[in-house]
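Visitor: Take a look at the following structure, please.
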Amino acid sequence: MDKTVALKLRKGNYNKTMTLSDEAKHELSWWVSSIESAYNVVSHGQADTTMTTDASKTGWAGCSLAGTPTGGSWDPGGSEKHINWLEVKAILLSLK
């Protein structure tokens, strides 16, 4: 939350300094002391298929290695979304 407030105050300038709350400092301290011992397996076995997707401000595309390519243009206003949102939307549309 601190970052969001600081960015609003500084009109989105990531190069400006910000002040962290005591709660944020506490959270960061926990991560610094805990990250080395954190372990969790990401893999859940062999994948059944592989899919490749991509998105841009103009449209999206996706294809499984065994399937037919798919893709399209964004609806009006879609290109105004953040690129991370567009990338996730491309994944969802490719899964349909």
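The values are calculated or read from the model by the stated rules, or taken from the named source; none is laboratory data. Keep in mind that what you see is a predicted model, and the values were worked out from it rather than measured. Positions of Cβ are generated from backbone atoms using ideal geometry, with glycine treated the same way; all protein chains shown enter the neighbour counts.
Visitor: Going by the structure shown, is S29 farther than 28 Å from K3 by Cβ and either surrounded by 10 or more Cβ atoms within 10 Å (Cβ to Cβ) or in contact with a Gly (Cβ under 6 Å, 6 or more places away or on another chain) (or both)?
Guide: Answer is no for this residue.
Visitor: Here is a follow-up. If E23 satisfies all but one of (1) surrounded by 11 or more Cβ atoms within 10 Å (Cβ to Cβ); (2) without any contact (Cβ under 8 Å) to a residue 12 or more places away in the chain; (3) more than 23 Å from the chain's Cα centre (by Cα), what's the number of the condition it fails?
Guide: (1)
Visitor: Within the group T68, T53, T17, T58, which residue is touching a Ser or Thr at 6+ places or on another chain (Cβ under 6 Å) and not small (G, A, S)?
Guide: T53
Visitor: Another question, then. Return the only residue of A55, A47 being closer than 30 Å to G78 by Cα and either in contact with a Phe, Trp or Tyr (Cβ under 6 Å, 6 or more places away or on another chain) or without any contact (Cβ under 8 Å) to a residue 40 or more places away in the chain (or both).
Guide: Testing whether each residue is closer than 30 Å to G78 by Cα and either in contact with a Phe, Trp or Tyr (Cβ under 6 Å, 6 or more places away or on another chain) or without any contact (Cβ under 8 Å) to a residue 40 or more places away in the chain (or both) leaves just A55.
Visitor: Another one. Across the range 51-74, what is the total count of residues that are more than 15 Å from K96 (Cβ to Cβ), at pLDDT 85 or above and more than 19 Å from the chain's Cα centre (by Cα)?
Guide: The number of residues fulfilling the criteria is 1.
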